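Encoded as structure tokens, the structure appears first; notes follow it.
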Amino acid sequence: MKKRTIATLFSTHALVLAIGFGAGIYALPILTAPEAPSSEQVLSISAQQKFTAQFNRELKDSDALHWGEGTVTIGDEFIALDGKLSPGPDFKVYLAKEFVETEADFNRLKSEMVQVADIKTFDNFLVPITANVNVAEYNTLIVWCESFGQFITAAQYQQITQS
């Protein structure tokens, strides 16, 4: 009887610990996120951008915990989102020359992509682009969770014709 009680206590405490750890990983980025840019700030930058695309929740590897929605604009100096991302740690923006909507495709093409910036906010974002990145050479913007190797969302902002 005593072994069963110890096993039950151990398993229930382990379950609570696992749930708490998972909730902490989910909540920590929300609690530590800086203040998001306002829609007015995003829209003022967006008016000067070269490209516009849409994030939507219906991509193959997007799910209830990993998604993005809204209008994303891309220019020479900034990428701006007027919308929302699912919260999570260590989100990165990548640019690719081919549309990506799965983790497998991302990992296959990662060596050909350019990592642009970190994302620290989940309701709207505004991230700078370094001068050495020519956004016109790419056609897709991807949000990727580096810590967990998780696809979040993507948007194709132009067609590139191969010569």
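The values are calculated or read from the model by the stated rules, or taken from the named source; none is laboratory data. This one's a predicted model, so the numbers in the text were calculated from it and none came from an experiment. Because the Cβ atoms are built from the backbone with ideal geometry, glycine has one as well, and the counts that use them run over all protein chains shown. Keep in mind that these areas ignore ligands, DNA and RNA; they rest on the heavy atoms of the full protein, side chains included. Shrake-Rupley method; radii C 1.70, N 1.55, O 1.52, S 1.80 Å.
Here are some notes:
- Theoretical ellipticity at 222 nm over the chain - DSSP helices of four or more residues, -39500 (n - 2.57) apiece, nearest 500: -9500 deg cm²/dmol
- Cross-link reach list, lysines versus K97, counting only Cα pairs under 29 Å and skipping chain neighbours closer than eight places: K50, K60, K84, K110, K120
- Carbon/sulfur fraction of accessible area - the chain, other protein chains in place, 1.4 Å, %: 57
- Under 13 Å, Cβ to Cβ, from S11 - net charge with Lys/Arg +1 and Asp/Glu -1: +2
- Tensor-based shape of region 91-163 (alpha-carbon gyration tensor, a/c under 1.5 rounded, otherwise prolate or oblate): oblate
- Extension gain for N132-E35 works out to 32.2 nm (0.36 nm per residue, less the C-alpha to C-alpha distance).
- Residues listed by number, region 33-72, amide nitrogen under 19 Å from F148 label point at 7 Å toward C-beta: 33-34, 56-69
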